[in-house]
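Remarks on the structure that follows.
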Amino acid sequence: MALYLLFESSSGYALFHAQGLDEIGQNTEAVRNSVADLNRFGKVVQLTAFQPFESAIDGLNQCNSVSEGLMTDELRSFLELNLPKVKEGKKSKFSLGVAEPKLGSHISETTKIPCQSGEFVLELLRGVRLHFDKFIKDLKSGDLEKAQLGLAHSYSRAKVKFNVNRVDNMVIQAIFLLDTLDKDINSFSMRVREWYSWHFPELVKIVNDNYLYARVAKLIEDKSKLSEEHVPALTEILGDEDKAKEVVEAGKASMGQDLTPVDLINVQLFAQRVMDLAEYRKNLYDYLVTKMNDIAPNLASLIGEVVGARLISHAGSLTNLAKCPSSTLQILGAEKALFRALKTRGNTPKYGLIFHSSFIGRASSKNKGRMARYLANKCSIASRIDCFSERGSTVFGEKLREQVEERLEFYDKGVAPRKNIDVMKSAIESTQNKDTEMEEVEPEEASAKKSKEKKSKTEDAPAAATNGDASEDGKSEKKKKKGKRKKEQEADEEDGKTNGVNEQDGTAKKKKKKSKDEAATNETTKKKKKKKKSQE
């Protein structure tokens, strides 16, 4: 049986015919030995046809289809033209060697060309790839490398392109930065407390919050200058007038040591830096919330923005999280405990990052494992909806959250929850209703625009009439005359109908008139003839 090889290069499709396979005996080791030597390999494999790509865009489209295991129309026509034809009802006397098994199955399904892909075929294609520039004579040195480089860049660029609004990498970076900011702000605020406590140690017991402590330290600066004038400013920061007065009184009777102006300036600068970091952390959290509502709205509405972002970052991407089963999603973040339990044959962990959700904290100790398993199930559903749905909506996430709430009540009070089918049906109906509302709103907006345009035309019409020429006045007068004529004709028709005169009477009168007219014409003709005769 003859063997043909399909090679997809960066410059086009090539078809090779493998000869002398009986001598080799289809031994992969013999093929490996013959691949390095061009003289031996050129006797076995020969080029039969080559079809170059029309352009770089065409090459990119062909490369994308081959990577997905699809046969394009160009490839089909190339194979049908250059391969021997197979008669109906008879077995083919050749086979096509392909590197991609998916592409080979698609070719055999559509064109009924027998395809094969194995180690032997891959070794032959490796030799073709090694000596490809020698088989094609028109290729110059360096042309193939340039084509490969350009196609590689365009292919990777096309693979990277996706919806900008649904970039989950931004969420991963934001949640990592948020976690590091929390650690840094805590450590820096503790440093501010220790540093400023040398000057004002009583302030630590009065103000417990780190951010408020930094703001108060920035405001006070030197404790010896504290007075009742600082009370309104301190009440704005602390939100309590009694605490502000307590700070002022503690400053007057403080046991702390005095600091030099340079030391105070350094403390103030560091406190300002901590305040800036805390404000940036708030802005970053708002950014994370908006990005999660764009990328994974259902997951965010079900489990929260921060926990959902941690799940996405731990999985690597939203698609990886959607591919995970619920059992894997349940223990994401507890891999060390899982492998330790498997090694020591102990109890496996019940939850990982999901533990930070409020649902598991609200569940009782005996129901925490059940709640984690149920919540992981709903999170996997929500992540798949967010990953593969075209339109982002929070309907399914809200319904899944209601289901989790009902399951909590079932564990605590024994109230039977709704079935999953009923909940999903109601969610689908609500999404369909929203779609219909959106479709109805669009024509209303279009009609409003048309009405505005008509109003603008009507407003412009009187101005145009006043600024018009005499010709336009003449045209308007003609139109008026035509309108009067039409009205007169309509009035005559109405009079004819109201008079009730029969059509037969009208026709008889017409006949009488016609007969009188004919008699008069006959008399005139006779008189003319008599005059002519008399003249003659």
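The values are calculated or read from the model by the stated rules, or taken from the named source; none is laboratory data. Computed from a predicted model, the values in this text were never measured in an experiment. Using ideal geometry, Cβ is built from the backbone for each residue, glycine included, and neighbour counts are taken over all protein chains shown. Quick note on the areas: whole protein, heavy atoms, side chains included, nothing else; ligands and nucleic acids left out. Shrake-Rupley method; radii C 1.70, N 1.55, O 1.52, S 1.80 Å.
Quick look at the values:
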{"quantity": "Burial order of peptide ranges 86-99, 302-315, 167-180 (average beta-carbon count within 10 Å, highest first)", "calculated": "302-315, 167-180, 86-99"}
{"quantity": "Backbone HN-Hα couplings from phi across segment 198-211 [Karplus 6.51/-1.76/1.60, Hz, Gly and Pro as x]", "calculated": "5, 8, 9, x, 6, 5, 5, 6, 7, 10, 8, 6, 5, 5"}
{"quantity": "Residue-normalised accessible area of segment 2-160, given per residue in Å² at a 1.4 Å probe", "calculated": "59"}
{"quantity": "Potential lengthening between N347 and D182 on full extension [0.36 nm per residue; Cα-Cα distance subtracted]", "calculated": "56.2 nm"}
{"quantity": "Heavy-atom SASA rank of H17, H199, H153 (probe 1.4 Å, accessible area, largest first)", "calculated": "H153, H17, H199"}
{"quantity": "Residue-level accessible surface for M275, protein heavy atoms, 1.4 Å, Å²", "calculated": "20"}
{"quantity": "Segment 170-284 - percent of accessible surface contributed by carbon and sulfur, probe 1.4 Å", "calculated": "54"}
{"quantity": "Two-decimal Rg/Rh across segment 289-420, once Rg and the Kirkwood Rh are taken from alpha-carbon atoms", "calculated": "0.98"}
{"quantity": "Average accessible area per residue (Å²) across segment 315-420 - probe 1.4 Å, nucleic acids and ligands excluded", "calculated": "58"}
{"quantity": "More than 28 angstrom apart: percent of Cα pairs within segment 2-160", "calculated": "21"}
{"quantity": "Pairs beyond 22 Å (Cα-Cα), from K323/K343; K223/K245; K366/K419; K43/K90", "calculated": "K323/K343; K366/K419; K43/K90"}
{"quantity": "Along each principal axis, Cα extent of segment 322-368, largest first, Å", "calculated": "31, 28, 13"}
{"quantity": "Sequence-distant residues sharing a close amide H with A49 (under 5 Å, placed H)", "calculated": "L15"}
{"quantity": "Additional length obtainable on full extension of the chain from I428 to E145, 0.36 nm per residue less Cα span", "calculated": "96.6 nm"}
{"quantity": "Average accessible surface area per residue within segment 170-284, 1.4 Å rolling probe, Å²", "calculated": "58"}
{"quantity": "Computed E for E88/R373 - FRET, C-beta separation, R0 45 angstrom, nearest 0.05", "calculated": "0.20"}
{"quantity": "Along each principal axis, Cα extent of segment 25-106, largest first, Å", "calculated": "39, 37, 22"}
{"quantity": "Convex hull of segment 354-421 built on C-alpha atoms - directionally averaged projected area, nm²", "calculated": "4.9"}
{"quantity": "Residues whose placed amide H lies under 5 Å from that of G97, excluding near-sequence neighbours", "calculated": "Y4, L5, L6, Q116"}
{"quantity": "Cα convex hull of segment 345-392 - mean projected area over all directions, nm²", "calculated": "4.5"}
{"quantity": "Length-normalised contact order of segment 170-284 in % [C-alpha pairs under 8 Å, at least 6 apart]", "calculated": "38"}
{"quantity": "Distant-in-sequence amide H partners of S11 (H built 1.01 Å from N, under 5 Å)", "calculated": "none"}
{"quantity": "Rg and Dmax [Cα atoms of segment 170-284; Å; Rg one decimal, Dmax integer]", "calculated": "15.1, 51"}
{"quantity": "Accessible surface of segment 2-160 [probe 1.4 Å, protein heavy atoms]: carbon and sulfur percent", "calculated": "50"}
{"quantity": "Sulfur and carbon atoms: percent of accessible area, segment 296-434 [1.4 Å]", "calculated": "51"}
